[in-house]
1. Within segment 413-427, is even one residue crowded, with 16+ Cβ neighbours inside 10 Å, acidic (Asp, Glu) and either within 21 Å of the chain's Cα centre (by Cα) or modelled with pLDDT under 95 (or both)?
2. Can you tell me which residue is nearest to residue 207 (Cα to Cα) among those in segment 230-244 that are modelled with pLDDT under 90 and touching a helix residue (DSSP H, G or I) at 6+ places or on another chain (Cβ under 9 Å)?
3. Kindly indicate which of 265, 277, 195, 190 is open to solvent by less than 10 Å² (accessible area, probe 1.4 Å) and either over 28 Å from residue 168 (Cα atoms) or at pLDDT 90 or above (or both).
4. Taking the criterion of being of a type in the set (Asp, Glu) and within 22 Å of residue 203 (Cα to Cα), would at least one residue in segment 254-272 satisfy it?
5. I'd like the full set of residues that are part of a loop (DSSP other than H, G, I, E, B), touching a Ser or Thr at 6+ places or on another chain (Cβ under 7 Å) and open to solvent by 10 Å² or more (accessible area, probe 1.4 Å), limited to segment 45-60.
6. I need a count of the residues in segment 348-371 that are part of a loop (DSSP other than H, G, I, E, B), open to solvent by 40 Å² or more (accessible area, probe 1.4 Å) and either modelled with pLDDT of 95 or more or under 23 Å from residue 88 (Cα atoms) (or both).
7. Taking segment 72-82 only, how many residues are within 18 Å of residue 5 (Cα to Cα) and either open to solvent by 20 Å² or more (accessible area, probe 1.4 Å) or not aliphatic (A, V, I, L, M) (or both)?
8. In this structure, does residue 284 turn out to be part of a helix (DSSP H, G or I), surrounded by 23 or more Cβ atoms within 10 Å (Cβ to Cβ) and not acidic (Asp, Glu)?
Amino acid sequence: MSSKLVVVAGPDKGREFTLQEGTIVIGRGRTSQTQLTDPHVSRAHCEICCEDHRVLAQDAQSSAGTYVNRQRITRQVLRHGDVIRVGETELRFECDRADDTTLPPPAASPSAPQAIPVAVPVKAAANVQPAVAPAAARVEAAARVEAAAPAREMVFANRGGGRVLPKPLKALEALVGQTLGSYHVMRVLGAGTIGMVFQARDLKDQKAVALKVLTAEFGRDAKAVLRFVRGMKAARSLSHPNLVAIHAAGVTRPHCWAAMELVDGVSLADELHEQRGKYMDWKQCVNVIVQLARGLAYLHDRGLIHRNVLPQNILIRRQDWTVKLGDVTLAKALDGGESQDVTASGELVGNVYYMAPERTQTHAAIDGRADIYSLGATLHQMLTGRVLFQGGSLVEVAQKIRQAQPDRPSQYQPAIPTALDALVLRTLAKNPAERFATAKDLVTELERLQSTRS
């Protein structure tokens, strides 16, 4: 039986994926064999397993869930014509033998063991961008590694029968029970592309931390290690209530590692995903963004550019609703800090949906105003319930970032004050000189809005 998935709705409409014996992951991450461009799709959203002449869809503990024919599922056998929905994307299952005898219902107790999902409460390992050739418009091999995946992204440790971790990552599981620096490694929280995140205990004060450990392969690259050490030295000196703290970092051969604040909360990406097209109250948005702008102002005053401001790296702490920006200095520490181009061949750097226009250009000068644009793109999404610019490919999105003008948020939420409309559009100016000169200036305007609101 030959079978395939055809994307019938969403940014990747028209793409097809041939199914073969074994398991494929549907999602946005590099470990996914589909690598969709839909920003509402998790990096590992669901799995399609072809076994014993049947095809099963299994949710990968995604935050928004996996649906088959509009019904939310955990695990379900697919039949010809079934439509799977992940995020805003729909995929139709097609096979050349559509009779039910080729697709028997699952046994009451499936014999195949399943992966056990583990939610990352703070920072997972590296986030990556798509690198698969679509049927309609080829978006080729992708991106350098983005430092640090979204908070609360669902990831999987290999427990047998689930997504098999690459050997470099699998080897990291052996660190459980060992000590790196003064940190006793307790359990796996999640895995990304070049590292794994553990819950660990600081033996000095017994406090829990999120310990991010990079693979031995990363540690063998002397230049990469030097960048990491330099970046972490800068991060350790930072202390601000609106930044996720990095407590310590080091190199314990062959691994580079960083101990980070363990935040009990939710990511803004999760909140936006729950809203699914609905905008957030503008007053609430201002409360969130002003805290983030304060964190950016603190970084910029110290000559640091964040480079990765996006909803996945924004955490809202449950205890007091303090907003924290994560991924501080990690982008530069892991990728060397060189800007690259989103070219006609489809190469992608970072998360293009929140990139300033200059960041999509080769060798363009980057300063704090690029962070202000990214913060503005995030605010625009909160106010409108949709990503600022979308397209059929990542290259098309990048072109829109460079050329298209953003809508006024008040077109979607009429209650938005004129002053906030103007503020958002100013942060999104194509020319950096037309944006706020500094994050401090943005904070001043946001605080003025807070003080004058009814």
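1. no
2. Residues of segment 230-244 modelled with pLDDT under 90: 230-238, 244.
Right, trim to touching a helix residue (DSSP H, G or I) at 6+ places or on another chain (Cβ under 9 Å) and you get 230-232, 234-235, 238, 244.
On the way: 230: 25, 231: 24, 232: 20, 234: 23, 235: 20, 238: 19, 244: 16 Å.
So the residue we want is 244.
3. Working: 277 fails: open to solvent by less than 10 Å² (accessible area, probe 1.4 Å); 195 fails: either over 28 Å from residue 168 (Cα atoms) or at pLDDT 90 or above (or both); 190 fails: either over 28 Å from residue 168 (Cα atoms) or at pLDDT 90 or above (or both).
Going through 265, 277, 195, 190 in turn, just one is open to solvent by less than 10 Å² (accessible area, probe 1.4 Å) and either over 28 Å from residue 168 (Cα atoms) or at pLDDT 90 or above (or both): 265.
4. So in segment 254-272, the residues of a type in the set (Asp, Glu) come out as 261, 264, 270-271.
Checking which are within 22 Å of residue 203 (Cα to Cα) leaves us with 261, 264.
So far as segment 254-272 goes, yes, one or more of its residues are of a type in the set (Asp, Glu) and within 22 Å of residue 203 (Cα to Cα).
5. 53
6. Total meeting the criteria: 0.
7. Of all residues in segment 72-82, those within 18 Å of residue 5 (Cα to Cα) come to 73, 75-82.
The next check asks that each one be either open to solvent by 20 Å² or more (accessible area, probe 1.4 Å) or not aliphatic (A, V, I, L, M) (or both); those that pass are 75-76, 79-82.
Within segment 72-82, residues that are within 18 Å of residue 5 (Cα to Cα) and either open to solvent by 20 Å² or more (accessible area, probe 1.4 Å) or not aliphatic (A, V, I, L, M) (or both) number 6.
8. Values: part of a helix (DSSP H, G or I): yes; surrounded by 23 or more Cβ atoms within 10 Å (Cβ to Cβ): no; not acidic (Asp, Glu): yes.
For residue 284, the condition - part of a helix (DSSP H, G or I), surrounded by 23 or more Cβ atoms within 10 Å (Cβ to Cβ) and not acidic (Asp, Glu) - is not met.
The values are calculated or read from the model by the stated rules, or taken from the named source; none is laboratory data. Computed from a prediction, not measured in an experiment: that's the story for all the values here. Cβ atoms come from the backbone with ideal geometry, glycine included; neighbour counts cover every protein chain shown. Remember, those area values only see protein heavy atoms, side chains included, never the ligands or the DNA or RNA. Shrake-Rupley method; radii C 1.70, N 1.55, O 1.52, S 1.80 Å.
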